[in-house]
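The values are calculated or read from the model by the stated rules, or taken from the named source; none is laboratory data. Just so you know, these numbers come straight off a predicted model, no measurement behind them. Here the Cβ positions follow ideal geometry from the backbone for every residue, glycine too, while neighbour counts run over all protein chains shown.
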Amino acid sequence: MVHTTVGQPVGQVAGPLKVTGRATYTADIRLPNMAYGAVVRSTLPHARIVSIDTSRALAMPGVLAVITGKDIPPGRVGRRIRDLPILAVDVVRFVGERVAAVVAEDQATAEAAALAVEVEYEELPAALTMRDALAPGAPILHPDLASYDGLPGAPPQQSNVLSRRTYGYGDVDEGFRQADVIIQRRYTVPRQHQGYLEPHACLVSTAPDGTAEVWLTNKTPFQAQEQAAKALGIPKEWLKVHVTPIGGDFGGKGSVMDVPVAYHLSKACGRPVRMVMSYVEEFTAAASRHAAQITMKTGVKRDGTIVAHQVRALFDSGAYGAFKPSPTLELMGNTRLGGAYRMENVAVESLIVYTNTFPAGHMRAPGLPQAIFALESQLDALARTIEMDPVEFRRRNLIREGEATPAGEQWVQVRAIETLEAAARAAGWGTPLPENVGRGVAVSEHGAGAGASTVQAGLDERGFYLRTGAPDTGTGSHTIMQQVAAETLGVPHHAIRIETSHTLAFPFDFGVGGSRVTHVYGRAALAAAASLRDTILQRAAAAFDLPTDQLGWEGGQLRRPDGRLVDPFTVIGPVEVEETYDSAGAPNVTGFCAQVAEVRVDPETGKVEVLRIVSAHDTGQVINPIGHEGQIAGGVIQGLGYALMEELPVVDGYVATQSFAEYKIPAMGDIPELEIVLLPEPTGPGPFAAKSIGETPNVPTAAAIANAVEDAVGVRIVDLPITAEKVFRALQRKHEHGHHHH
């Protein structure tokens with residue numbers, strides 16, 4: 001089928017507003033009589049609050065109010081599990097936890113007053129690492145865990161474990177007895193920050209009756225409305241949450257952050273209150289990707305059969321689980337710890353562990369880069385040990401149509417092997433390389449996200465429009481909706497304007513995230529546009545007193561029986577329809593991604609230079625090639641950052657990298673040549689058989705790079721990031737080891 005708009009490279013709806021600086025982000029909104037909030041944060045990782053003296057702060061000119069946890073109704077915040085107090089009461093559990101808050105006439109005064117609040121602590125023993133937290137006799141961070149709202153089932157009996165999941169089949173001990181080669185390794189991956197340009201911001205304006213208008217940097221406004229209302233102990237209808245433009249997300253913009261605090265400050269001073277997090281606060285108190293330790297023991301036969309695979313994965317939750325959409329979702333990585341490979345005996349255990357460090361949350365493909373780095377490194381090492389080509393080893397073991405993954409998932413239209421082969425072909429796999437240059441391959445997959453969305457479509461004096469309750473996080477979701485509706489109505493994409501709404505004008509909407517946008521919002525836009533066209537035809541037929549089949553539809557206009565084209569608005573006036581799409585019952589498909597990295601390692605210094613990355617995807621119909629390519633390129637670069645430089649080390653409870661000067665993300669000079677390979681054949685659940693792309697390309701990159709480093713110089717780095725220092729040390733060890741043999 002030939003499409004006119006779908007599959008065309010269309011510029012973003014919000015592009016002109018953003019590049020001309022006219023987009024109004026949350027921090028740009030000004031309300032009359034607005035005041036400014038600031039937060040007093042804990043300076044210790046674990047302590048009892050003895051006293052808080054606010055008198056000096058309150059005496060400062062321009063200070064309107066100061067609040068502590070004791071001044072407000074008790075309330076806990078969370079996306080699913082509600083374990084984070086709005087302001088600490090009695091105990092602090094990480095450096096950076098909110099202890100008190102100040103509101104003043106201007107930002108500088110608010111910050112100065114926050115520094116003037118004096119908190120006296122009694123230090124408690126801290127569990128700063130997962131090892132500390134799991135040790136016998138460890139300090140228990142959450143003695144009341146069983147009473148928390150939103151806990152998935154009974155809490156695990158083990159100390160400081162928020163969530164535990166296991167799965168498997170067969171008998172791994174028997175499997176290991178049959179193995180010719182067994183490798184056991186522990187892989188360590190650090191926290192990674194999303195690195196969005198726009199920090200978290202909110203503006204809350206309360207009315208005397210307790211209702212409020214809220215603007216915030218959040219990609220899930222309806223869920224934010226619910227989270228904030230639950231934390232505040234008020235009906236959610238009291239909060240009118242506006243949809244605002246979002247300056248980057250990458251998984252980090254799903255929590256309400258300062259909203260409950262700003263609400264209480266606004267009530268305390270009777271004015272609208274704005275709060276914007278500094279980037280120091282972002283790095284030390286927002287919601288980074290979970291650090292993890294993954295121990296894998298895998299046995300294979302000489303012919304490449306995987307006979308046993310045993311895994312224990314620990315994900316570091318930090319002090320709270322509040323930033324996770326589900327306390328177990330980080331364990332999505334759990335289901336990928338065996339990947340999409342045939343394995344005869346499997347035993348997997350995953351834990352999310354509380355520690356006295358800042359709370360972890362979500363970043364692009366939560367849990368997957370951690371799991372896939374470990375798995376794809378492990379499989380590569382096994383292939384090399386049995387002297388089998390790493391591509392051939394994967395080709396033999398990747399699942400085919402009708403087979404289930406080790407975690408029991410079964411997909412339709414499985415194209416794992418084709419995707420792997422396409423990447424290998426494009427990368428020139430197996431062709432000779434210069435000295436100290438290597439190639440590495442890694443494979444992963446990500447399904448098209450699920451959920452429900454409602455879209456309104458209409459026609460008014462200004463033309464066609466779509467109204468949505470979901471923001472565009474910069475990925476071009478509004479553009480996708482515009483293209484799909486334009487295709488359906490037979491008009492150019494710019495003939496459809498996109499409007500956003502607020503939470504009181506719309507039924508509940510899941511919001512952006514989980515690779516669901518093109519699928520769920522695209523299908524809702526498709527349904528709404530089709531319904532609008534049909535409604536217009538019915539009403540116009542009644543107006544003309546004609547049977548509906550006598551009227552045609554051409555380029556957004558009505559075609560009368562005599563061939564004349566008429567503008568529908570002049571015939572029937574304004575019309576609006578609303579359609580909801582729910583993904584329940586959509587076919588269970590996933591999208592595979594295979595990447596090959598080519599690297600050069602300097603044996604003198606250990607420096608790794610990524611020369612080229614090939615990223616192959618079985619994509620289904622691409623709705624917008626520019627957006628699609630942008631997602632792949634951006635994802636690969638985030639994967640490259642994870643592989644080579646990004647980490648948020650916590651030293652004695654304090655985050656060591658508190659600015660972009662210290663927290664390194666890839667710059668232009670780090671960016672390799674990228675070749676994208678797309679496998680056609682549309683087979684996805686989205687509109688026009690589209691699949692997801694958002695969380696696919698950043699997952700296998702680190703493993704592909706690690707595998708390429710070993711191919712280049714024969715050393716295996718098992719702890720990210722792969723720094724020059726680590727490679728240099730490993731080369732020295734290998735060198736010394738080599739000499740002992742002589």
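Descriptive notes on the structure:
- Some residue of segment 393-415 being among the acidic types (D, E) and more than 20 Å from P587 (Cα to Cα): no
- Beta carbons closer than 8 Å, at least 6 apart along the sequence or on distinct chains, pair a first residue in segment 242-263 that is closer than 23 Å to V99 by Cα and outside any loop (DSSP other than H, G, I, E, B) with a second that is at pLDDT below 95 and not aliphatic (A, V, I, L, M) for P260/G75.
- Top-ranked residue in segment 534-568 [being more than 43 Å from the chain's Cα centre (by Cα) and of a type in the set (D, E); ranked as surrounded by the most Cβ atoms within 10 Å (Cβ to Cβ)]: D567
- Applying a threshold of 8 Å to beta carbon distances and a minimum spacing of six or more residues, or different chains, the list of pairs starting in segment 464-490 at a residue that is within 14 Å of T244 (Cα to Cα) and ending at one that is crowded, with 23+ Cβ neighbours inside 10 Å and of a type in the set (K, R) reads A470/K219; P471/K219; T473/K219; T473/K253.
- Flag for V443 being more than 30 Å from A505 (Cα to Cα), touching a Pro at 6+ places or on another chain (Cβ under 8 Å) and buried (at least 21 other Cβ atoms within 10 Å of the Cβ): yes
- Filtered by the rule that a residue be under 21 Å from the mean Cα position of the chain (by Cα), surrounded by fewer than 19 Cβ atoms within 10 Å (Cβ to Cβ) and aromatic (F, W, Y), segment 610-663 gives a lone residue, F660.
Per-residue answers, yes or no, for (1) under 30 Å from T335 (Cα atoms); (2) touching a Leu at 6+ places or on another chain (Cβ under 6 Å); (3) of a type outside the set (V, I, T):
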site	(1), (2), (3)
L537	no, yes, yes
W553	no, no, yes
P561	no, no, yes
V566	no, yes, no
I572	no, no, no
V575	no, yes, no
S583	yes, no, yes
F592	yes, no, yes
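- Candidates P697, P687, P672, P666: the one that is modelled with pLDDT of 95 or more, buried (at least 22 other Cβ atoms within 10 Å of the Cβ) and within 30 Å of T518 (Cβ to Cβ) is P697.
- Matching option when the condition is part of a loop (DSSP other than H, G, I, E, B), buried (at least 22 other Cβ atoms within 10 Å of the Cβ), modelled with pLDDT of 95 or more and not polar (S, T, N, Q), among M343, M275, M296: M343
- Some residue of segment 534-553 being part of a helix (DSSP H, G or I) and either assigned by TED's automatic domain parsing to the domain that holds F688 or touching a residue at least 60 places away in the same chain (Cβ under 8 Å) (or both): yes
- Members of segment 3-55 that are surrounded by 14 or more Cβ atoms within 10 Å (Cβ to Cβ), among the β-branched types (V, I, T) and closer than 23 Å to A285 by Cα: T26, V39, V40, T43, I49, I52, T54
- Search result, residues across segment 488-512 that are more than 19 Å from A23 (Cβ to Cβ) and in a helix (DSSP H, G or I): T488, L489, H493, A495
- Taken together, the residues in segment 675-684 that are surrounded by fewer than 17 Cβ atoms within 10 Å (Cβ to Cβ) and part of a loop (DSSP other than H, G, I, E, B) amount to 3.
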